[in-house]
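What follows draws every value from the coordinates through simple rules; no lab data is involved. Being a predicted model, the structure only gives us computed values, none of them experimental. FYI the Cβ positions are ideal-geometry reconstructions off the backbone, even for glycines, and counts take in every protein chain you see.
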Amino acid sequence: MTRPTVELDIARLVVEGVAPSDAGALRRAIERELSRRLAQHVAAGGEMTRGAGHVDAGPLAVPAAAGPQRLGTAIADRVMGGLKR
């Protein structure tokens, strides 16, 4: 049995209030958390919306002191919620 392939392309992500020096760490945190969650979801037999096209995660309030890892986890949570609809 072949493993299903999941491809996620985020063309645009608007995040305000993040220091330019944290941008790389935030990108890596989002990629790492989405990869982990997608792999778990697919391994558990979960289905994803095909061709979602657009996921509006809405406003996300995370304290500025939270740092890129916590913000990346919160963004991944919203994206996954949008993909499972």
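Put one equal scatterer on each alpha carbon of the stretch 1-40, apply the Debye formula with no solvent term, and list log10 I(q)/I(0) at q = 0.20, 0.33 1/Å to two decimals. Relative scattering, expressed as log10 I(q)/I(0), comes to -0.73, -1.20.
Within the shell defined by Cβ-Cβ distances under 10 Å, the residues around A57 carry a net charge of -1, with Lys and Arg each +1 and Asp and Glu each -1.
Taking packing as the residue-averaged number of other Cβ atoms within 10 angstrom, the listed peptides 27-39, 5-17, 67-79 run from highest to lowest as 67-79, 27-39, 5-17.
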